[in-house]
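Participant: Please see the structure below; I have some questions.
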Amino acid sequence: MTVYKRMLLMVGLALAVSVLRVHAQEETSAPVLQLQDYCKRDIPTGYSPRLGVLTLTPKGNIHYLFPLYHGLKDEEKFRKLYSDKGYYDEMSQYFAFAGDYRTALQYLVKGYDSIDDGTRRKIYRTADNLTGIEHADARLYIHLAAKNRRVVMINEAFAKPLHRAFTLSLLEDLYRMGFRYLALEMLNNFANQRLSSVGMHSGYYVCEPVAGELMRKAIELGYTLVSYEDTAASVHSANQRDSVQAANLNEILKKDSTAKILVHASFAHISKKKDPDGHVPMALAFWRLSGIEPLTIDQTDMTEESNFGYGRVIYQAYTTKFKISGPSIALLNNAPVNVTDKDLYDLCVIHPPTQYLDGRPTWLNLNGTRQPTYIKSPSSAVFLVQAYYQQEIENNDNTPWQLVPADQTYTPGGRDGMGRVRYLLYLRKGKYKIFFRDINYHILSTLPIEVN
């Protein structure tokens, strides 16, 4: 039996099971419990019982705790507004914005359907019997696969900054290969866009710190950043949105006939197959419009917790069988295979399970370009620690209100030798201004530091 058929059997077994709701297996962290208690017991600063949508940018400034205040305090209301799954997806994204990857995954899983233990065991047995699979370093394999390509498309899941970190790791290699355009779905495509620097007006999802680092790195290397989102996406159909995105990308080729483009999109927008309902994804629409077949790379199916309950179990079974240590491409007879048996993409990146250091994912080192840096808390009232680039702060009237931190966390990383709480941040060499905030998001103090 081929690997495709084996993994298809795994999915088929899962689909045959009655649907149950699943809850995250890990315990809720102490800071999140503190935040939950605060939201239920008190009225958070800026809280509005009339708020009808979770947002990161109240009153025109970035506030990383604002959507968590409302989502935790008014959970029942937002579950009705968004649906249960929609609520968990939204909250997962906002925990990721705040630098809490572990809780982001926990909330994501709460919205999944589950399968019974018997089927789970069958899936594990099927995975254990897989043979002939080898694994190649994903970054090197993509480098080779992109050699004769004009357009490379890679996707992400909104709540998994890991995907942005991996795309960042590809930038230098692709730039050396002649890629000069980076098209990001997350970029603001309205008149108030700001694409020469990182901030709130660069794009809503750019406010997530790893997304900010992705944009900064592209600017440093010399990429031309392209915003290609459909500005009428909120009123357009899915087909219309993908068609507009494809047309916007094709405009690059009209202006530069030799252009080589890296496109970073979300989920199945980069599929090259028409959906059963007739929907034409962006990548297929672009291929038809431009005549250029893109190389498409999926990250979402085979990352920790996957996208859905069945994929989650397949991922767990696969990574139990194969102990990969870095982003990998599965090969069978020297040809790439997608172990979830989808033929929507050319390549599927398999990310290893996350390793943590003092509560923070180690992949936040961004392929070794950032180093773990411990920040000592000056007060027991500190809840959130943020590191902003000193130059960006100076260029913004010494205020952080519309800027994106290099990194931030509310997860304590133990204590120093004097018993003071410390927080682990991942930072590149350079000068930063640390902001210490309380649970009300008030600034308690600041600290200039230099990372050597």
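The values are calculated or read from the model by the stated rules, or taken from the named source; none is laboratory data. Not measured: the values here are computed from a predicted model. With ideal geometry, Cβ positions are generated from the backbone for all residues, glycine too; neighbour counts draw on all protein chains shown. With ligands, DNA and RNA removed, areas are computed over all heavy atoms of the protein, side chains included. Shrake-Rupley method; radii C 1.70, N 1.55, O 1.52, S 1.80 Å.
Participant: Return the sequence-ordered ³J(HN,Hα) values of the stretch 131-139 in whole Hz as given by the Karplus equation 6.51 cos²θ - 1.76 cosθ + 1.60 applied to θ = phi - 60°, using x for Gly and Pro.
Facilitator: My calculation for the stretch 131-139 gives 10, x, 7, 10, 10, 10, 4, 4, 5 Hz in order.
Participant: With the cut-off at 1.5 for a/c, could you classify the stretch 318-452 from its C-alpha gyration tensor as rounded, prolate or oblate?
Facilitator: It comes out prolate by the Cα gyration axes.
Participant: Next question. Enumerate by residue number the trypsin sites (Lys or Arg not before Pro) in the stretch 291-379 meeting two conditions: DSSP loop (anything except H, G, I, E, B), and at most 11 other Cβ atoms within 10 Å of the site's Cβ.
Facilitator: Sparse-neighbourhood loop trypsin sites (Lys or Arg not before Pro): K323.
Participant: For the stretch 188-224, which chymotrypsin sites (Phe, Trp or Tyr not before Pro) are both in a DSSP coil and crowded by at most 13 other Cβ atoms within 10 Å?
Facilitator: F190
Participant: Let me ask you something else. Ignoring ligands, DNA and RNA, what percent of the 1.4 Å accessible area of the stretch 167-282 is carbon and sulfur?
Facilitator: 50
Participant: In the stretch 31-123, how does Rg compare with the Kirkwood Rh, expressed as the Rg/Rh ratio over alpha carbon atoms?
Facilitator: Across the stretch 31-123, the Cα-based Rg/Rh ratio is 1.05.
Participant: Okay, next question. At 1.4 Å probe size, with every protein chain present, just tell me what the per residue accessible area of the chain comes to in Å².
Facilitator: Computed with neighbouring chains in place, this is 42 Å² per residue.
Participant: Using only the Cα atoms of the stretch 301-343, each taken as one equal point scatterer with no solvent, compute I(q) by the Debye sum, divide by I(0), and report log10 of the ratio at q = 0.26, 0.34, 0.35 Å⁻¹.
Facilitator: Values, matching the q order: -1.03, -1.31, -1.31.
Participant: When the chain is fully extended, how far beyond the present Cα-Cα distance does Q371 get from I449, taking 0.36 nm per residue of separation?
Facilitator: Working it through step by step, the gained length comes to 26.7 nm.
Participant: Which value, in Å to one decimal place, does the Kirkwood hydrodynamic radius take for the chain when every pair of different Cα atoms is included?
Facilitator: That comes to 23.0 Å for the chain.
Participant: Enumerate the calculated ³J(HN,Hα) couplings along the stretch 103-113 in order (Karplus 6.51 cos²θ - 1.76 cosθ + 1.60, θ = phi - 60°), each rounded to whole Hz, writing x wherever the residue is Gly or Pro.
Facilitator: For the stretch 103-113, the Karplus-derived couplings read 5, 4, 5, 4, 5, 4, 5, 4, x, 8, 8 Hz, x marking Gly and Pro.
Participant: Go ahead and run the numbers for FRET between K255 and Q390, Cβ-Cβ distance against an R0 of 25 Å, rounding to 0.05.
Facilitator: For K255 and Q390, the calculated efficiency is 0.10.
Participant: Please identify every one of the trypsin sites (Lys or Arg not before Pro) in the stretch 377-452 that sits in a loop by DSSP and has no more than 10 other beta carbons within 10 Å of its own beta carbon.
Facilitator: When the trypsin sites (Lys or Arg not before Pro) of the stretch 377-452 are filtered for loop state and at most 10 Cβ neighbours within 10 Å, K429 remain.
Participant: If you stretched the chain out fully between L140 and D128, how much longer would it get, using 0.36 nm times the residue separation minus the C-alpha to C-alpha distance?
Facilitator: Answer, rounded to one decimal: 1.6 nm.
Participant: Using only protein heavy atoms and a 1.4 Å probe, report how much of S257 is accessible, in Å² to the nearest 10.
Facilitator: Counting only protein heavy atoms, S257 exposes about 90 Å² to solvent.
Participant: Output the peptides 212-218, 31-37 sorted from most to least packed, where packing is the average of other Cβ atoms within 10 Å over each peptide's residues.
Facilitator: Top of the packing list down: 212-218, 31-37.
Participant: May I ask you to derive the relative contact order of the chain, considering only C-alpha pairs under 8 Å and at least 6 residues apart, and to give it as an integer percent?
Facilitator: Worked out over the chain, it gives 17 percent.
Participant: Here's another thing I want to ask about it. Two decimals is fine: what is log10 I(q)/I(0) at q = 0.19, 0.24, 0.25, 0.27 Å⁻¹ for the stretch 231-295, from a Debye sum with one equal scatterer on every Cα and no solvent?
Facilitator: For the requested q values the scattering log ratios are -0.70, -1.07, -1.14, -1.28.
Participant: Using a 1.4 Å probe on the protein heavy atoms, what percent of the accessible area of the stretch 30-87 belongs to carbon and sulfur?
Facilitator: 54
Participant: Work out the FRET efficiency for A30 and N148 from their Cβ-Cβ distance, taking R0 = 35 Å, and round it to the nearest 0.05.
Facilitator: Step by step, r from the Cβ atoms, then E = 0.10.
Participant: What list of ³J(HN,Hα) couplings, whole Hz, do you get for the stretch 89-99 from phi and the Karplus terms 6.51, -1.76, 1.60, once you set θ to phi - 60° and write x for glycine and proline?
Facilitator: Calculated HN-Hα couplings, in order: 4, 4, 5, 4, 5, 6, 5, 5, 3, 7, x Hz.
Participant: Quick one: plug the Kirkwood hydrodynamic radius of the stretch 140-267 (C-alpha pairs) into Stokes-Einstein at 4 °C, 1.567 mPa s, and report D in µm²/s.
Facilitator: In µm²/s, the coefficient rounds to 87.
Participant: Next question. Which part of the stretch 92-112 falls in the paramagnetic zone of D84, meaning amide N under 15 Å from the point 7 Å along Cα-to-beta-carbon?
Facilitator: Flagged as within label range: 107-112.
Participant: How much length is gained on full extension from E172 to I292, taking 0.36 nm per residue of separation minus their Cα-Cα distance?
Facilitator: Value of the extension gain: 40.9 nm.
Participant: So, one more: Which value, in Å³ per residue, describes the convex hull spanned by the Cα atoms of the stretch 83-128?
Facilitator: Normalising the Cα hull of the stretch 83-128 by residue number yields 82 Å³.
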